[in-house]
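Just so you know, all these numbers are worked out from the coordinates, no wet-lab data involved. Bear in mind the structure is a predicted one, so any value in this text is a computation, not a measurement. Every residue, glycine as well, gets a Cβ built from its backbone with ideal geometry; the counts of neighbours run over all protein chains shown.
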Number of protein chains: 2
Amino acid sequence: MKYCPTCGSTVILQTPEDDTRERHVCSGCKTIHYENPRNVVGTIPVWQDKVLLCKRAIHPRLGYWTLPAGFLEIGESTEDGAKRETLEEAGASVEIGPLFSLLNVTHVEQVHLFYLAKLIEPNYQAGVESLEVELFSEKDIPWNELAFPTVRKTLEWYFQDKKLGRLNETDKIVTHLDDVGYDERIDRKH
Amino acid sequence: MKYCPTCGSTVILQTPEDDTRERHVCSGCKTIHYENPRNVVGTIPVWQDKVLLCKRAIHPRLGYWTLPAGFLEIGESTEDGAKRETLEEAGASVEIGPLFSLLNVTHVEQVHLFYLAKLIEPNYQAGVESLEVELFSEKDIPWNELAFPTVRKTLEWYFQDKKLGRLNETDKIVTHLDDVGYDERIDRKH
Ligand SMILES: [Zn+2]
Ligand SMILES: [Zn+2]
């Protein structure tokens, strides 16, 4: 940030009184402009014993597979955002279940949240941000072609919990929590 | 937003190609400036059968009691943010436990996340944003003087779960999920 979004004056990096961090402070109107991490919300869309994945049509990680997910928008809840992204990217209508994973990805200033979700019908189609959309059983998941570590971890937890019978009672599902470091990122081919 | 934070030109509200929402788009450098909800992270700091609350020294809700919580900062995880806020507002060092509640407060563009936490020692003191900090047992919680509905709901869930023995096994704690509407806000006296 170089200019104040409110008045157009230049901003200065300084630590406001009673604050402990440097902020962008406007040299004109004195507004303090805070910057915060953003939420990426998505689903694990399930149909019978399969999970719906999308092959990305956009950068980063174009051509790699992901769970449907995207930035939470102003005015929507995390559940509604996850549902919208599933419809936009995978053309699939889902019923949202419990929060399944929360992963901090601090090096890209993001928090990733994935909800368990049930496909209402086995209908889906690639949206503009997807090249393909497909239902995968565990043995067919393209583990080496997943787009993001948060997706890989969430899928691993999902199939593990399923095996252990931990997904049978919807009101007893425990949210998985983890942080993903810079060194855990999946190497980019693109 | 009226001016581009990157180049200082005026911004125009328009829907970019392949997007479904109006964004602030720069008339000069064409950058699309996205706005997203922010995370407020906090703890339920527990010592024996008591919970630590802070009386707010700042607006909004000055003079009302809250769980320690504040905006998640760039570069920190939700757990680290919750821990930092507990230290800043309540002068208390905590060990962070599982995610206990996630509440969407869409009308103020926030997501509130509260973690269970254990005080490491029964030491605490009001930070600059607090007038007082105090340990309360359930019967003494100032229910009519709580600052925010997300705090009230989280405390209600906490004492309910405690009574039901649901907090005994740390690895089986189920995260409470809810949305708080505009009509559920606690009326302001200030
Ligand atoms: Zn300004
Ligand atoms: Zn610009």
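Can you put A:118, A:55, A:83, A:163 in order, fewest other beta carbons within 10 Å first? Please report the intermediate quantities before stating the final value.
Numbers: A:118 14, A:55 19, A:83 24, A:163 10.
The fewest-first ordering by Cβ neighbours comes to A:163, A:118, A:55, A:83.
If you average the C-alpha positions of the range A:82-103 and of the range B:1-80 separately, how far apart do those two centres end up, in angstrom?
The range A:82-103 and the range B:1-80 have Cα centres spaced 23 Å from each other.
Pop out the ³J(HN,Hα) list for the range A:54-68 in order, Karplus 6.51 cos²θ - 1.76 cosθ + 1.60 with θ = phi - 60°, rounded to Hz; leave Gly and Pro as x.
Calculated HN-Hα couplings, in order: 10, 8, 5, 9, 10, 7, x, 6, 4, x, 9, 8, 9, 6, x Hz.
Restricting everything to alpha-carbon atoms, can you work out Rg to Rh for the protein assembly as shown with a Kirkwood hydrodynamic radius?
On the way: Rg = 21.7 Å, Rh = 22.2 Å.
A ratio of 0.98.
Where does each of A:128, B:11 land when they are ranked from fewest to most other beta-carbon atoms within 10 angstrom? Walk me through the intermediate numbers first.
Numbers: A:128 11, B:11 21.
Ordered from fewest to most neighbouring Cβ atoms within 10 Å, A:128, B:11 come out as A:128, B:11.
Using a 10 Å cut-off on Cβ to Cβ distances, tally the other chain neighbours for every residue of B:176-184 and report the average as a whole number. Kindly include the intermediate steps, with their values, before the conclusion.
Values: counts 1, 9, 1, 4, 1, 0, 0, 0, 0.
The shielding value for this peptide is 2.
Within the range A:71-91, find all residues whose amide N lies under 13 Å from a label point positioned 7 Å from the Cα of residue A:123 along Cα-to-beta-carbon.
In the range A:71-91, the label zone of residue A:123 (backbone N under 13 Å from the point 7 Å along Cα→Cβ) covers A:91.
Taking neighbour Cβ counts within 10 Å as the exposure measure, how do A:101, B:93 sort from fewest upward? Don't skip to the answer; put the middle values down first.
On the way: A:101 23, B:93 16.
Ranking A:101, B:93 by Cβ neighbours within 10 Å, fewest first, gives B:93, A:101.
Shortest first, in nm, what separates the label point of residue B:179 from those of the same position in the other copies (7 Å along Cα→Cβ)?
3.1
What is the angle, in °, between the Cα long axis of helix A:149-163 and the longest principal axis of the Cα atoms in chain A? Nearest 10 is fine, range 0 to 90.
So the inclination is approximately 40 degrees.
Which net charge results for the neighbourhood of residue B:4, defined as the other residues with beta-carbon distances under 13 angstrom from its beta-carbon, given Lys and Arg at +1 and Asp and Glu at -1?
+4
Around residue B:168, under 13 Å between beta carbons, what's the net of Lys plus Arg minus Asp minus Glu among the other residues? Don't jump to the answer; show the numbers that get you there.
Numbers: positive: B:162, B:163, B:166, B:172; negative: B:161, B:169, B:171.
So the surrounding residues net to +1.
Show log10 I(q)/I(0) for chain B at q = 0.17 Å⁻¹, two decimals, from a solvent-free Debye sum over equal Cα scatterers.
-1.05
Straight-line reach only, C-alpha to C-alpha below 21 angstrom: list the lysines that residue A:30 could link to, leaving out same-chain residues fewer than 8 apart.
Partners found: A:2, B:2.
Using only atoms on other chains, find how many Cβ atoms lie within 10 Å of each Cβ of peptide B:94-107 and report the average.
On the way: counts 0, 0, 1, 1, 3, 6, 1, 0, 7, 2, 7, 1, 8, 1.
Other-chain Cβ atoms within 10 Å of each residue's Cβ, averaged: 3.
In nm, one decimal, shortest first: how far is the label point of residue A:140 (7 Å from Cα along Cα to beta carbon) from the matching points in the other copies?
The projected label point of residue A:140 is separated from its counterparts by 6.1 nm.
Pairing the Cα long axis of helix A:78-90 with the longest principal axis of chain A, what angle in degrees results, from 0 to 90 and rounded to the nearest 10?
Taking Cα atoms only, the helix is inclined about 60 degrees.
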